[in-house]
Structures are given as structure tokens and as C-alpha cells.
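J.: This is the structure I want to talk about, given as C-alpha cells.
What follows is calculated from the coordinates using simple rules that are stated; it is not laboratory data. Nothing here was measured: the structure is a model prediction, and the numbers come from that model. Virtual Cβ from ideal backbone geometry, glycine too; neighbours counted across all protein chains shown.
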Amino acid sequence: MAVNLQDERYQVWAKKLRALAHPARLQLLSLLEQRPTCVHELVRSTRYRQPYVSQQLAVLREAELVCNVHDGPYCRYYLACPELPDLLDKVSQLPLPKQLAQATGKQQANEK
């Protein structure tokens, strides 16, 4: 039976997109856009518990969206793909559902 490389490519893409389809993971990626970061710094920035952050980073690492390097007692995570910030930027430009867009608009008006 021949392997359909086209189908395999879609499987890989789907795995990466599933890894991106989680608010906490998107938040972690957003923080990692700024600079390589240790888990304890991500915990402090997100206020998620350390095991939860590590679990989400493991999903991102499995999808090959982040890499890590050991730096003494610390483990620094960084984006594995230089194009990822562009993708995240494009996603952030997608229209929001009407209810959320209205709530966000009201919140921004109140902040002014």
C-alpha cells in the first residue's frame, strides 16, 4: 500500500493546529514570542500552576512548535519556528464572534 504524502502532511498540520487551539497555549506562545523563557517565569506571568504550564509546554513541544534548552538548573523554552509570530498575528486579526466583539468594544470604550 502506497503512503500518500499529501495526507501525511495534512495530518502533521492538523496536529500543529490542535496544539494551537487552546487559550493557555496561545498565551504561552505569545509570551515566548518576546524571548526564551523559563517555566517559572511563565508561571509568574500567567499565574497558572507550574504542572499545568509544563503540561501545556509538553503539548507544544510534541507538536514541534517550541523547543527547550537546559541552562544550568533551568529549562528555557523558545519558539521553534520563526514564522509562528506571523501566524499568531494573522489569527489575532480574524473577526471575533459578535457578542465578544461587542463586549470588547464596550470594555475599550470604558477604558478611555
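J.: Want the number for residue 71 to residue 55: 0.36 nm per residue separation, take away the alpha-carbon distance, what's left? Show your work: numbers first, answer last.
T.: Values: separation 16, 0.36 × 16 = 5.76 nm, distance 1.98 nm.
So the extension gain works out to 3.8 nm.
J.: If you don't mind, another one. Report the FRET efficiency, 1/(1 + (r/R0)^6), for residue 83 and residue 45, where r is their Cβ-Cβ distance and R0 is 22 Å, rounded to 0.05.
T.: Numbers: r = 23 Å, r/R0 = 1.06.
Efficiency, rounded to the nearest 0.05: 0.40.
J.: Something else now. Counting only residues 5 or more places away or on other chains, whose amide H sits under 5 Å from the amide H of residue 38 once H atoms are built in the peptide plane?
T.: Residues meeting the amide H criterion: 77.
J.: Taking only Cα atoms and a 10 Å spring cutoff, compute GNM fluctuations for the chain and point out the largest among 42, 87, 32.
T.: Looking only at 42, 87, 32, the biggest GNM fluctuation is shown by 87.
J.: Can you list which of the GluC sites (Glu not before Pro) found in the range 3-92 are DSSP loop residues with at most 10 other C-beta atoms within 10 Å? Write out the running numbers ahead of the final one.
T.: Working: sites: 8, 33, 41, 62, 64, 83; in loops: 64, 83.
Of the GluC sites (Glu not before Pro), the ones in loops of the range 3-92 whose Cβ has at most 10 other Cβ atoms within 10 Å are 83.
J.: Which value, in debye to the nearest 20, describes the size of the charge dipole of the chain about its Cα centre when Lys and Arg Cβ atoms bear +1, Asp and Glu Cβ atoms bear -1, and nothing else is charged? Please report the intermediate quantities before stating the final value.
T.: On the way: 15 positive and 11 negative charges, 99 e Å.
For the chain, the charge dipole is close to 480 debye.
J.: May I ask which residue of 95, 32, 75 lies farthest towards the positive end of the charge dipole of the chain, with charges of +1 (Lys, Arg) and -1 (Asp, Glu) on Cβ and the Cα centre as origin?
T.: 95
J.: Once the range 18-94 is represented by equal point scatterers at the alpha-carbon sites, with solvent omitted, what log10 I(q)/I(0) does the Debye formula produce at q = 0.15 Å⁻¹?
T.: Debye output, listed in q order: -0.46.
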